[in-house]
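**Q** This structure is in structure tokens; I'll ask about it shortly.
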Amino acid sequence: MIRSLLIIAALFFVFSSSSFAQSGLQLGLRFNPEFTGIANSNDANASPELEKTSHFGYLSFGIGALYNIDRNIGVGVDILFSREVQAFTGTFAGGEAEPQDAYSAVIATQLKQNSLPVKGEFEALAELNYIKVPIMFAWTTDNTESIYFSVLVGPQFNFLHGIAQEVNGVDLEYPKSDIIPNNLYNSMTVGGVL
């Protein structure tokens, strides 16, 4: 499942809200830094051929609304564009990538279909673009005070919008097949916001 630092997003949401909120509707822009990673057991089992590396995951941005029912309770929704990124490094010894369901097999397929050798060291990025829709319950200390704190929690629906897959600094397609990168991932996932 795709992970991001949703706490930063929630805190940004809190601090982007008006400090004179009371009850009523608030609208705002969202701009959040993201540090993301893609986790699954297939990639973990591919070591040492495939290793995850850290990568700054870009930004998410969009619009949001929060409706304060009273001084302490509210509901909110955001619509965000987000790019989730996982970086990989590894070494191919030649032959088939193992295991076949790990991301190293995807990289090997891309290299083969672009007539590039499947041997030696590689660096790869999987960049997944999502439209995210978190729906949040908000609990706030007394928002009539000049300083107050909020906690937002709820489900988040993530809709896959597009994918870029890079190997050794070059975006590679699948020219000799009917593989569509979007079909390699779930078109919708559900997560949570805290």
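**Q** Please name all residue pairs, on different chains or six or more residues apart, with Cβ atoms under 6 Å, provided the first residue is in the range 27-39 and is assigned to a strand (DSSP E or B) and the second residue is buried (at least 16 other Cβ atoms within 10 Å of the Cβ) and modelled with pLDDT under 90.
**A** What qualifies is 32/9; 32/12; 32/60; 37/86; 38/2; 38/86.
**Q** Could you say whether any residue in the range 76-99 is over 30 Å from residue 43 (Cα atoms) and not aliphatic (A, V, I, L, M)?
**A** Among the residues of the range 76-99, at least one is over 30 Å from residue 43 (Cα atoms) and not aliphatic (A, V, I, L, M), which makes the answer yes.
**Q** How many residues, within the range 105-135, are open to solvent by less than 10 Å² (accessible area, probe 1.4 Å), within 30 Å of residue 72 (Cα to Cα) and either among the aliphatic types (A, V, I, L, M) or out of contact with any strand residue (DSSP E or B) (no Cβ under 6 Å at 6 or more places or on another chain) (or both)?
**A** Adding up the residues that qualify gives 0.
**Q** Out of the residues in the range 159-193 that are charged (D, E, K, R), exposed (fewer than 15 other Cβ atoms within 10 Å of the Cβ) and under 16 Å from residue 127 (Cβ atoms), which is modelled with the lowest pLDDT? I'd like the intermediate steps shown before the answer.
**A** Just the residues of the range 159-193 that are charged (D, E, K, R), to begin with: 166, 171, 173, 176, 178.
Right, trim to exposed (fewer than 15 other Cβ atoms within 10 Å of the Cβ) and you get 171, 173, 176, 178.
Imposing the further condition that a residue be under 16 Å from residue 127 (Cβ atoms) reduces the set to 171, 173.
Details: 171: 89, 173: 86.
The extreme case among them is 173.
**Q** Kindly provide the set of residues from the range 149-194 that are part of a loop (DSSP other than H, G, I, E, B) and polar (S, T, N, Q), ordered by number. Please lay out each step first, then the result.
**A** Going through the range 149-194, the residues part of a loop (DSSP other than H, G, I, E, B) turn out to be 149, 168-169, 172-180, 185-187, 194.
Within the range 149-194, 168, 177, 186, 187 qualify.
**Q** Step by step: first the residues of the range 141-158, then only those that are touching a residue at least 60 places away in the same chain (Cβ under 8 Å), more than 23 Å from residue 79 (Cβ to Cβ) and of a type outside the set (Ser, Thr, Tyr), then the one that is least open to solvent (accessible area, probe 1.4 Å). Which residue is that?
**A** If we take residues in the range 141-158 being touching a residue at least 60 places away in the same chain (Cβ under 8 Å), more than 23 Å from residue 79 (Cβ to Cβ) and of a type outside the set (Ser, Thr, Tyr), then 143 is least open to solvent (accessible area, probe 1.4 Å).
**Q** Further, regarding this structure: When the residues of the range 89-104 are filtered to those that are of a type in the set (A, V, I, L, M, F, W, C) and buried (at least 18 other Cβ atoms within 10 Å of the Cβ), which remaining residue is modelled with the lowest pLDDT? Steps first, please.
**A** Just the residues of the range 89-104 that are of a type in the set (A, V, I, L, M, F, W, C), to begin with: 92-93, 97, 102.
Filter once more, so that each one left must be buried (at least 18 other Cβ atoms within 10 Å of the Cβ): 92, 97, 102.
Values: 92: 84, 97: 65, 102: 76.
So the residue we want is 97.
**Q** Which residues, taken from the range 136-148, are in contact with a strand residue (DSSP E or B) (Cβ under 7 Å, 6 or more places away or on another chain) and in a loop (DSSP other than H, G, I, E, B)? Steps first, answer last, please.
**A** Restricting attention to the range 136-148, the residues satisfying the condition of being in contact with a strand residue (DSSP E or B) (Cβ under 7 Å, 6 or more places away or on another chain) are 136-140, 143, 148.
Those that are in contact with a strand residue (DSSP E or B) (Cβ under 7 Å, 6 or more places away or on another chain) and in a loop (DSSP other than H, G, I, E, B): 143, 148.
The values are calculated or read from the model by the stated rules, or taken from the named source; none is laboratory data. A quick note: this is a predicted structure, and the numbers were derived from the prediction, not measured. Virtual Cβ from ideal backbone geometry, glycine too; neighbours counted across all protein chains shown. Keep in mind that these areas ignore ligands, DNA and RNA; they rest on the heavy atoms of the full protein, side chains included. Shrake-Rupley method; radii C 1.70, N 1.55, O 1.52, S 1.80 Å.
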